[in-house]
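Right, one structure below, let's go through it.
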Amino acid sequence: MNYTIRPMTREDASQVIDMMRVFYASPAVLSNGSEEIFINDVENCVNDSPYLEGYIIATEQKEICGYGMVAKSFSTEFGKPCMWIEDLYLKEDVRGQGIGSSFLNYIAEKYPEAILRLEVEEENQRAIHTYRKCGFEVLPYMEMKR
């Protein structure tokens, strides 16, 4: 299957929010999110936010089959920019075709000086396999939030 990765636009919002509802209701994500969060996330992806970028993954026929969101930060631990893969969602019918790996490689090529980080649920073995194949390693951290 041929597909493209392109920046998210305002016209993509409703389809992305539909995919976010599915993604955030799945076991791949700890929180369920909310409509307010989904709308805010997409808005930040399509405006001039210096913190968040949104991407659309589409088929050759321009049908949206997934999306990704990347948050920008700096890692003092690694001494370089850090790109957090916040969301990477593919519709069920296109999984297992190397598209997720291609997205991760796309971000790595776009930001060659940055460290890439992401979170994954231990139960999501399919995603873990993809991430390991792309060179990701497990970090022995406990993450905390307030």
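Observations on the structure shown:
- Beta bridges from DSSP with both residues in the chain: antiparallel share about 85 percent, rounded to the nearest 5.
- Overall Cα dimensions of the chain - principal axes, largest extent first, Å: 41, 31, 30
- When peptides 90-101, 132-143 are sorted by average Cβ neighbour count within 10 Å, with the highest value leading, the order is 90-101, 132-143.
- Segment Glu63-Ser26, extension gain: residue separation times 0.36 nm, minus the distance between their alpha carbons: 11.1 nm
- Structure-based [θ]222 nm, the chain - -39500 (n - 2.57) summed over DSSP H runs of at least 4, per residue, nearest 500: -9500 deg cm²/dmol
- With contacts taken as Cα pairs under 8 Å at a separation of at least 6 residues, region 13-95 carries a relative contact order of 21 percent.
- Highest-first arrangement of 26-35, 12-21, where packing means the average Cβ count within 10 Å: 12-21, 26-35
- Furthest towards positive pole of dipole, Trp84, Ser34, Tyr131, structure part the chain, Cβ charges: Tyr131
- Computed over the chain: relative contact order in percent, which uses C-alpha pairs under 8 Å that are six or more apart: 21
- Cα centroid separation - region 73-88 against region 1-41, whole Å: 21
- What region 98-146 shows is 79 Å² of accessible area per residue, with the surface traced by a 1.4 Å probe over protein heavy atoms.
The values are calculated or read from the model by the stated rules, or taken from the named source; none is laboratory data. Here the structure is a predicted model, which means the values were calculated and not measured. Note that each Cβ is placed from the backbone with ideal geometry, even for glycine, and that neighbours are counted across all protein chains shown. We work out accessible area using only protein heavy atoms, side chains counted, and drop any ligands, DNA or RNA first. Shrake-Rupley method; radii C 1.70, N 1.55, O 1.52, S 1.80 Å.
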